[in-house]
Each structure stands twice: as C-alpha cells, then as structure tokens.
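The next block holds one structure in the form of structure tokens; read it before the comments.
The values are calculated or read from the model by the stated rules, or taken from the named source; none is laboratory data. Note that the coordinates shown come from a computational prediction; the quantities given were computed from them, not determined experimentally. Backbone-built Cβ (ideal geometry, glycine too); neighbour counts: all protein chains shown. What goes into the accessible areas is simple: the full protein's heavy atoms, side chains included, and nothing from ligands, DNA or RNA. Shrake-Rupley method; radii C 1.70, N 1.55, O 1.52, S 1.80 Å.
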Amino acid sequence: MTEIRYTQDHEWVRLEGDIAVVGITAHAADALGDVVFVELPEPGREVTQGEAVAVVESVKAASDVYAPLAGRITESNADLESSPGNVNLGPEAEGWFFKMSLANRAEFDALLDAAAYAKLVEEA
Amino acid sequence: MSETLLTTPLDTLHRERGARMVPFAGYAMPVQYPMGILTEHLHTRDKAGLFDVSHMGQATLKGPDAIATLEKLCPGDIAGLKPGRQRYSLFTTESGGISDDFMVARVGEDELFLVVNAACKDADFAHVATQLPVGTTLTRHEDRALLALQGPLAAAVFARHAPASAAMKFMDIADLDVIGLGRVRATRSGYTGEDGFEISIPGDRAEAFARALLAEPEVAAIGLGARDSLRLEAGLPLYGHDIDTTTSPIAAGLTFAINKRRKMDWGFLGGLVMRDELDNGPSRLRVGLRLEGRAPAREGAEIARPDGTVIGVVTSGGFAPSLNAPIAMGYVPAADAVDGTELAIIVRGKPLPARVSPMPFVPHRYFR
C-alpha cells in the first residue's frame with residue numbers, strides 16, 4: 001500500500017517501501033504554467049529536509065524544489081530533461097522529480113495528509 | 001497595503017475566459033488564459049492572437065506646432081512622416097538616455113496620434129504638455145481601448161470585419177469602419193514580429209468588437225506572458241527592462257530611430273550627447289544571446305567572458321517557444337558584441353555557455 005503526503009511548498013511525497021518519490025502537486029504545476037526546464041539532483045547526494053535540490057522553470061519564472069525529507073537521492077527522472085512538459089501533463093505521475101531514501105520515517109508521517117493539503121490550497 | 005487596480009474595458013471578458021489576472025502598470029491585466037503561455041505564443045505565430053493593450057497610453061497632438069513640439073523631444077523625422085503613416089520613436093533625456101519608446105502616426109496635416117507605454121504614459125504626456133505652445137493641444141484618449149490582432153492570419157480575419165483594412169501596408173494608419181460597430185482607428189503594426197493590426201476603439205464598443213474577433217476560428221485570446229515571449233523572439237526591446245534612462249538609443253541598437261536630417265543639428269533632447277557617442281562609438285551594446293541547453297537565463301543574470309570576467313547583465317531572458325530554446329538580451333562591451341562571440345550567462349552560480357546572436361531571433365513577417 002502506498003502512502004502520499006504533501007508539503008507546505010506544494011510538493012507530494014509518495015512512499016514506496018523504503019523509498020520516497022517526490023514531485024510537485026497539480027496545484028503547483030498549474031500555478032507555474034508551462035514547464036520548460038528542470039534541473040535535478042545527482043543520485044547519491046545527501047540532503048537535509050527543506051534543502052533546495054531541484055529547480056523547475058516555466059515560461060514565466062524559476063522555482064526551487066525542496067527535499068521534503070532528510071535522506072539520500074537515489075534516482076532522478078531523466079525523462080524530464082528532454083520532456084519537461086511531463087510536469088504539466090502528469091504532475092503526480094510521469095512528472096515526478098526524484099526518489100530518495102529516508103533518514104527518519106517520522107519526518108514523513110509529520111507531513112500534510114491529502115485533506116490537510118487540500119485545505120492549504122483552498123485557503124491560499 | 002493593497003492598491004486598487006484600474007481595469008480595461010475588456011476586464012469582464014478576460015475573467016469570463018478564465019484569464020489569470022495580474023497587476024501590470026497599475027492595471028489588472030491577463031497574463032495568460034487556460035491555453036497557457038506556450039500554446040498562446042505558438043498560436044499567434046501560427047494563426048492569430050488577440051491582445052488587450054488598452055492599458056497603453058493613446059493621445060492626439062494637434063495644432064500648428066505639433067510636429068515641431070514632438071521633434072524637440074525625439075530623434076525621429078516627424079516632419080517627413082506622410083499622412084497615413086506611422087513610425088517608431090523614442091522620448092530621449094537630456095543625458096542621452098531613453099524615457100520611453102512609442103509609436104507616432106500622422107493622421108492629418110497638423111495632427112499626430114501617439115501610443116506610449118502604460119507605465120510611462122503619465123510622465124510622457126506631462127513631458128509633452130510642458131512643451132506645448134498656445135494653439136497646440138495634447139488630448140489623451142482614456143476612453144478608448146486598444147486591441148492588437150497579431151499573426152499570419154490576422155489580416156484575413158480583420159478584413160472580414162473591416163474590408164478597407166486589406167489595402168493597408170506595414171506602418172499604415174487609417175480610420176476604418178468595422179461592420180456593425182462603426183469607426184475604429186487601425187495601424188498595421190504591433191510588437192510581436194508578426195503581421196497584424198493595433199486597433200483603437202471607443203471603450204464602450206471594445207468588448208463587442210473583441211467578442212466578434214474571438215468568434216473567428218483563427219483567433220485566440222493571448223495574455224501578457226506570450227506578448228513578452230513573442231517580442232523577445234522578435235528582438236524588440238521592452239521599456240524599463242532593455243531600454244531606460246541609462247541606455248542610449250545607440251547602445252540599445254536603436255540608432256535607426258535617429259533620423260538623418262535630425263543628425264544635421266541634433267536639435268532634440270540629449271542630441272549632442274548622442275552625437276558624441278556616435279562619433280566615439282558606444283561603450284556597450286544591446287545584444288541577443290542564445291544559450292546552449294534548455295535552462296533559461298532571466299533578467300538580472302550576469303553575462304561573463306569564457307574566462308569568468310563579468311561584462312554585463314541580462315535585461316530580458318526566457319524560453320523561446322518558437323525556437324524551443326532559451327534566449328536573452330543584454331548589454332556587453334562593444335568589443336564583445338560581435339555576432340558569434342562565445343560568452344556565458346551565470347545562472348544559479350553556474351556559467352551557461354551562450355553565444356551572441358543576431359536579432360530578431362525569429363524573422364519578422366511584416367506586410368510591406
């Protein structure tokens with residue numbers, strides 16, 4: 001069974017066993033507009049929670065993507081380099097950014113659940 | 001503190017069409033519609049796009065001294081402008097900079113029609129007003145909307161509504177009848193690099209006119225986001241970014257706007273400063289830059305030589321949808337401004353290889 005959590009920075013985190021898959025939410029992708037470039041972290045990089053690790057650029061502007069948890073990057077979605085528009089097509093599917101191992105499971109549990117995130121978007 | 005934004009006569013229409021509205025020069029303006037900037041941009045290059053540019057300043061300068069008054073403030077040949085013709089010009093400053101760029105058209109023997117940038121309009125019109133002799137008047141047209149219909153199919157679409165427009169060529173101006181809507185003032189010009197028209201129409205008829213154009217299958221509503229990427233690809237400078245009071249027309253690559261006759265006496269604001277700059281050569285120049293890779297470089301990014309020496313700054317930059325690649329404009333020393341020169345733009349601390357490129361990046365397709 002997969003579990004999904006969200007961050008205040010409009011990222012989603014899906015737990016698949018010991019690995020967390022990370023991307024930006026549909027709300028964030030829509031707000032950014034057409035994504036034309038992404039810069040992804042190198043696998044093997046150790047990251048702290050909240051560290052800027054990736055960049056997403058739309059026609060309009062550049063935004064940072066943060067590590068939602070402490071851990072180590074295990075994989076980046078290389079398809080996004082040639083097809084950055086996948087972030088708009090499937091922000092919570094083929095538009096994933098990177099995968100990472102978790103240093104501390106409690107950090108995941110402390111993130112927003114779907115209801116809390118929906119409330120955040122609604123209040124924004 | 002929230003400041004009340006002005007709205008254009010098309011405000012209701014923008015919101016009805018799902019536009020994302022943003023503050024721009026004191027107005028609530030559509031930055032994009034649900035189609036998105038990328039598709040809006042490509043649609044304009046492929047078919048026709050309708051832009052609301054009603055925030056821009058429109059005015060009539062009329063009287064026996066209208067031409068002489070304007071010629072004091074700009075380096076253009078206004079006296080030589082034939083009735084029915086339009087020209088691009090610049091308001092210059094005493095120190096040889098640019099206080100705005102604008103379009104001027106001659107609509108009568110002693111009558112000029114001006115269109116200036118929204119953010120500069122109050123200052124521009126106040127500036128002109130200080131020069132007015134008795135008998136010459138400046139009248140602002142705050143009651144008029146301005147729509148731009150741009151793209152390779154714009155002329156065919158507009159001719160269905162205003163048949164007389166078919167006879168116009170690039171930079172012509174004419175007062176025309178639009179079927180069912182009466183008189184409008186149209187120029188065959190715009191700021192996208194495409195053929196098209198800018199149409200001035202009384203505000204109370206603008207929405208009906210916009211709806212009629214948007215009902216045409218070729219036409220989509222286009223926001224300010226795509227307007228910016230279109231003009232960037234066309235190599236056209238944006239006031240407040242690529243040109244301002246610190247950039248001279250010569251450094252900006254706008255020397256063409258300094259008319260030959262006007263160079264006889266340099267009798268306009270900042271003229272003598274510009275004469276010296278032309279004689280000695282400008283120290284820096286506005287250039288186009290094409291980056292390797294896909295990462296865009298934005299306004300404010302530093303431009304460096306391959307050895308790392310910072311030599312300039314990006315004044316406009318972004319992703320060019322028609323080229324599927326990032327492009328930028330910026331200023332560099334004249335010695336580094338030669339087409340093909342290898343430079344780098346520093347983005348997030350990393351030098352991205354870039355090359356000085358001729359502009360326009362995408363060829364103009366005006367109807368001459």
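Computed values, structure above
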| item | result |
| --- | --- |
| Residues satisfying the stated conditions in the stretch A:70-107, i.e. aliphatic (A, V, I, L, M), closer than 20 Å to A:Gly44 by Cβ, surrounded by fewer than 21 Cβ atoms within 10 Å (Cβ to Cβ) and within 14 Å of chain B (Cβ to nearest Cβ) | A:Ala78 |
| Residue ID - farthest from the other protein chains (Cβ to nearest Cβ), chosen from residues in the stretch A:24-49 that are in contact with a strand residue (DSSP E or B) (Cβ under 9 Å, 6 or more places away or on another chain), surrounded by fewer than 19 Cβ atoms within 10 Å (Cβ to Cβ) and charged (D, E, K, R) | A:Glu46 |
| Residues of the stretch B:22-44 satisfying the condition of being more than 14 Å from chain A (Cβ to nearest Cβ) and open to solvent by 10 Å² or more (accessible area, probe 1.4 Å) | B:Pro23, B:Ala25, B:Gly26, B:Tyr27 |
| Selection from the stretch B:116-134 of residues that are of a type in the set (A, V, I, L, M, F, W, C), outside any helix (DSSP H, G or I) and closer than 12 Å to B:Asp100 by Cα | B:Val116 |
| Selected residue [within 13 Å of chain B (Cβ to nearest Cβ), open to solvent by 40 Å² or more (accessible area, probe 1.4 Å) and farther than 30 Å from B:Leu42 by Cα] from A:Ala62, A:Ala52, A:Ala110 | A:Ala52 |
| Residue in the stretch B:200-208 that is open to solvent by less than 20 Å² (accessible area, probe 1.4 Å), closer than 24 Å to B:Glu142 by Cα, without any contact (Cβ under 8 Å) to a residue 60 or more places away in the chain and of a type outside the set (S, T, N, Q) present | yes |
| Selected residue (criterion: nearest to the other protein chains (Cβ to nearest Cβ)) from residues of the stretch B:261-303 that are open to solvent by 80 Å² or more (accessible area, probe 1.4 Å) and within 30 Å of A:Pro84 (Cα to Cα) | B:Glu299 |
| Any pair with Cβ under 9 angstrom, 6 or more apart, that starts in the stretch B:264-278 at a residue that is closer than 19 Å to B:Ile78 by Cα and ends at one that is part of a helix (DSSP H, G or I) and open to solvent by 80 Å² or more (accessible area, probe 1.4 Å) | B:Trp266/B:Leu272; B:Trp266/B:Arg275; B:Gly267/B:Lys72; B:Phe268/B:Lys72; B:Leu269/B:Lys72; B:Gly271/B:Asp265 |
| Failed item in (1) under 22 Å from the mean Cα position of the chain (by Cα); (2) open to solvent by 30 Å² or more (accessible area, probe 1.4 Å); (3) touching a residue at least 60 places away in the same chain (Cβ under 8 Å), with B:Tyr191 passing the rest | (3) |
| Any chance B:Val184 is farther than 26 Å from B:Asp122 by Cβ, surrounded by 17 or more Cβ atoms within 10 Å (Cβ to Cβ) and either in the same structural domain as B:Met103 (by TED's automatic domain parsing) or of a type in the set (S, T, N, Q) (or both) | no |
| Residue selected from the stretch B:318-366 under the condition among the acidic types (Asp, Glu) and in contact (Cβ under 8 Å) with a residue 24 or more places away in the chain, by the criterion surrounded by the fewest Cβ atoms within 10 Å (Cβ to Cβ) | B:Glu342 |
| Helices (runs of 4 or more DSSP H) fully within the stretch B:1-77 counting 1 or more residues that are more than 17 Å from B:Phe125 (Cα to Cα) | B:11-16, B:37-46 |
